[in-house]
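The block underneath contains the structure these notes are about, expressed in structure tokens.
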């Protein structure tokens, strides 16, 4: 079986979870080829897979890491043009590779290309509803945002199936971004969390033994959104070093994987053993990307979530995690020493720990990798038996 996987290239969450699916497919004897953009493409190549480069068609962010609604809408013609170039590239890439089945993680051009080539084509998606909560002040922005959501929903329906990498109601983390959409043929498969690439190093083992409260601070997201969050991580981990021990990750896939000492603990530019730290920490501080929230839930760890400012998907994820009782949400501009210290103290209380443990047990009962791999294998077999 040959499987072609396209990943949206903004941030690393889409590529990370597709690498997990690719591992499950490879274990079944499948040959896998990818496409993506920027850092995500480099991450995939670093794991030994061929990855075709596509132009990035992404939203706009400020230098302070804030999602820019107006600028993104104004840039929509250029984004659309890059999407058309992605589609042309995928038609050529998929035609050359000649897969049995196509899978796109939030990668609409990949799915469209697969359908245009009469191939079974599936989607992994945790955001069907793209309407921005920050479009309320402008009637034009609201109209465009709702129109884009409706139009994309109809295009996603061209997929033979849409896998939702989340828990079913009432525990759906991305409910704000999924519920209310008219897209049919969807299926909840549970979270897809990346595993470790290497064994724990010396700092990791020392961290696990430290008697202080252990905090894993994971920085992630598109490059412009990482810097302000990383600066706060370094400043606040130093301020709280007497009571807590921190491991901070910079989220840079091109960075060093070697831990270095910082006043509050250790720092990795890129951490290959994040799974170990999620399991062995007491508390998590992170952005509110779907993949990161999923990892914290699977590890049964309470978290402080700091969404990318004005980024509706992350705000929705954070809000639901807080309502599930496993997270506290802090705005980036309000992330001060006092606020963080108070939030960590609240998370350490028994109620948050008990709810995180219960939700973690529920999430652990799903095998998203296996479910998706089985569905693709079944579709590929049917495709080979029927007309192409």
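Quick test of your reading of the structure: residue 372 fulfils all but one of (1) out of contact with any strand residue (DSSP E or B) (no Cβ under 6 Å at 6 or more places or on another chain); (2) touching a residue at least 40 places away in the same chain (Cβ under 8 Å); (3) closer than 17 Å to residue 124 by Cα. Name the failing condition by number. It is condition (1) that residue 372 fails. Here is a check on your reading of the model: is residue 372 assigned to a helix (DSSP H, G or I), surrounded by 18 or more Cβ atoms within 10 Å (Cβ to Cβ) and in contact with a helix residue (DSSP H, G or I) (Cβ under 6 Å, 6 or more places away or on another chain)? Judged against the criteria, residue 372 is a match. Looking at the range 311-323, can you tell me whether even one residue there is outside any helix (DSSP H, G or I) and surrounded by fewer than 24 Cβ atoms within 10 Å (Cβ to Cβ)? No, because not a single residue in the range 311-323 is outside any helix (DSSP H, G or I) and surrounded by fewer than 24 Cβ atoms within 10 Å (Cβ to Cβ).
Give 300, 288, 296, 274 a once-over and let me know the one that is under 20 Å from residue 358 (Cβ atoms), touching a helix residue (DSSP H, G or I) at 6+ places or on another chain (Cβ under 8 Å) and surrounded by 24 or more Cβ atoms within 10 Å (Cβ to Cβ).
Details: 300 fails: surrounded by 24 or more Cβ atoms within 10 Å (Cβ to Cβ); 288 fails: under 20 Å from residue 358 (Cβ atoms); 274 fails: under 20 Å from residue 358 (Cβ atoms).
That would be 296, the only listed residue that is under 20 Å from residue 358 (Cβ atoms), touching a helix residue (DSSP H, G or I) at 6+ places or on another chain (Cβ under 8 Å) and surrounded by 24 or more Cβ atoms within 10 Å (Cβ to Cβ).
In the range 66-76, is there at least one residue being within 20 Å of the chain's Cα centre (by Cα), at pLDDT below 90 and crowded, with 22+ Cβ neighbours inside 10 Å? Yes: one or more hits.
Yes/no matrix, rows are residues, columns are (1) surrounded by fewer than 23 Cβ atoms within 10 Å (Cβ to Cβ); (2) at pLDDT 80 or above:
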| site | (1), (2) |
| --- | --- |
| 108 | yes, yes |
| 113 | no, yes |
| 118 | yes, yes |
| 121 | no, yes |
| 136 | yes, no |
| 159 | no, yes |
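Taking the criterion of being touching a strand residue (DSSP E or B) at 6+ places or on another chain (Cβ under 7 Å) and either at pLDDT 75 or above or surrounded by 21 or more Cβ atoms within 10 Å (Cβ to Cβ) (or both), the residues of the range 174-196 that qualify are 178, 185, 186, 187, 188, 189.
If I filter the range 222-238 for residues that are farther than 22 Å from residue 305 by Cβ, within 26 Å of the chain's Cα centre (by Cα) and part of a loop (DSSP other than H, G, I, E, B), do I get at least one hit? Looking for residues that are farther than 22 Å from residue 305 by Cβ, within 26 Å of the chain's Cα centre (by Cα) and part of a loop (DSSP other than H, G, I, E, B), one finds none in the range 222-238, hence no. So is residue 361 outside any loop (DSSP other than H, G, I, E, B), out of contact with any strand residue (DSSP E or B) (no Cβ under 6 Å at 6 or more places or on another chain), more than 21 Å from residue 243 (Cβ to Cβ) and at pLDDT 95 or above or not? Spelling it out, residue 361 is indeed outside any loop (DSSP other than H, G, I, E, B), out of contact with any strand residue (DSSP E or B) (no Cβ under 6 Å at 6 or more places or on another chain), more than 21 Å from residue 243 (Cβ to Cβ) and at pLDDT 95 or above.
The rows are residues; the columns are (1) modelled with pLDDT of 95 or more; (2) buried (at least 17 other Cβ atoms within 10 Å of the Cβ).
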{"position": "92", "(1), (2)": "yes, no"}
{"position": "97", "(1), (2)": "yes, yes"}
{"position": "105", "(1), (2)": "yes, yes"}
{"position": "140", "(1), (2)": "no, no"}
{"position": "155", "(1), (2)": "no, no"}
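The values are calculated or read from the model by the stated rules, or taken from the named source; none is laboratory data. Since the structure is predicted, the reported quantities are computational estimates derived from the model, not experimental observations. Note that each Cβ is placed from the backbone with ideal geometry, even for glycine, and that neighbours are counted across all protein chains shown.
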